[in-house]
1. Does at least one position in region 117-140 carry a residue that is buried (at least 21 other Cβ atoms within 10 Å of the Cβ), out of contact with any Pro (no Cβ under 8 Å at 6 or more places or on another chain) and over 24 Å from GLY95 (Cα atoms)?
2. Which of (1) closer than 29 Å to SER94 by Cβ; (2) assigned to a helix (DSSP H, G or I) does ALA158 not meet, given it meets every other one?
3. Just one of (1) more than 21 Å from HIS101 (Cα to Cα); (2) assigned to a loop (DSSP other than H, G, I, E, B) trips up GLU149, so point out which.
4. Return only the number of the condition from (1) of a type in the set (Ser, Thr, Tyr); (2) crowded, with 19+ Cβ neighbours inside 10 Å; (3) within 23 Å of the chain's Cα centre (by Cα) that TYR154 does not satisfy.
5. Would you point out which residue out of VAL197, VAL201, VAL167, VAL137 is touching a Gly at 6+ places or on another chain (Cβ under 8 Å) and free of Cβ contacts under 8 Å to residues at least 40 places away in the same chain?
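The values are calculated or read from the model by the stated rules, or taken from the named source; none is laboratory data. Model, not experiment: these values are computed from the prediction. Cβ placement follows ideal geometry from the backbone for every residue including glycine, while neighbour counts extend to all protein chains displayed.
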Amino acid sequence: MAKQNRATKSELEDDQFVEWMAVASDYVKERARTFITGAVAVVIIILAVNYVQASRENTRLEAAALLGEALISEQAGDAEQAVRLGEQLLKDYSGTAAAAHGTIMVANRYFNQGRYADAEKLYQSYLTEYGDIEVLVFAASRGIAASYEARQQYEKAAAQYTAYANVHAGEMATSLALMDAARCYGVLGNTQRQREVLKQVTHDFASSPVSVRARQELGLL
């Protein structure tokens, strides 16, 4: 009887590979619709993400352009046009960086027009909705206090100035807010509180020019 040749290890591995390929081919045929649908879904998601990103970029650029137009109008002395463009910016592009800057710009224009309550609301909306740029935080906080002052609500104005100072201790803008608070206390006739605030300025900001002014005012009390 002829001796049977035993399959080598390499041949066994080749047979297993061919068998695996056959099974895989059948699996792919059976699942082709699922694979294709899934691939299409992935492509749609990628396209949607790219579209959203592109739309956001376009929105950001459009908002920045509109803010630029408003600022140009403001610099040209056309306050009415600046306000109109600013209001459009806040309405159409809320949430953008340009709208954050525009909020303060429009609030300032309202203040200059004597629309103190409207200005206050916008200043507050910046702090509530944005509040991430320190110089604008100071502008908004001081704007709220100034709106109180303009309506002769000096107690509330002083409280607003000191509230900012308490949160932003040590910053140069804080010395200005404290000087404003001292002025309000002076108008109220609260000399003791006025003196305390001025002394705080001389202590916390001893090397600043604001401290010199605070010492001068203390000498007059």
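1. Looking through region 117-140, none of the residues is buried (at least 21 other Cβ atoms within 10 Å of the Cβ), out of contact with any Pro (no Cβ under 8 Å at 6 or more places or on another chain) and over 24 Å from GLY95 (Cα atoms).
2. Only one criterion is unmet by ALA158, namely (1).
3. Every listed condition holds for GLU149 apart from (2).
4. In the conditions (1) of a type in the set (Ser, Thr, Tyr); (2) crowded, with 19+ Cβ neighbours inside 10 Å; (3) within 23 Å of the chain's Cα centre (by Cα), TYR154 misses (3) alone.
5. Only one candidate passes the filter, namely VAL137.
A quick yes/no check of all residues on (1) more than 22 Å from ASN112 (Cα to Cα); (2) modelled with pLDDT under 95; (3) buried (at least 20 other Cβ atoms within 10 Å of the Cβ):
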| position | (1), (2), (3) |
| --- | --- |
| ALA158 | no, no, yes |
| HIS168 | yes, yes, no |
| LEU176 | no, yes, no |
| ARG183 | no, no, no |
| ASN190 | yes, no, no |
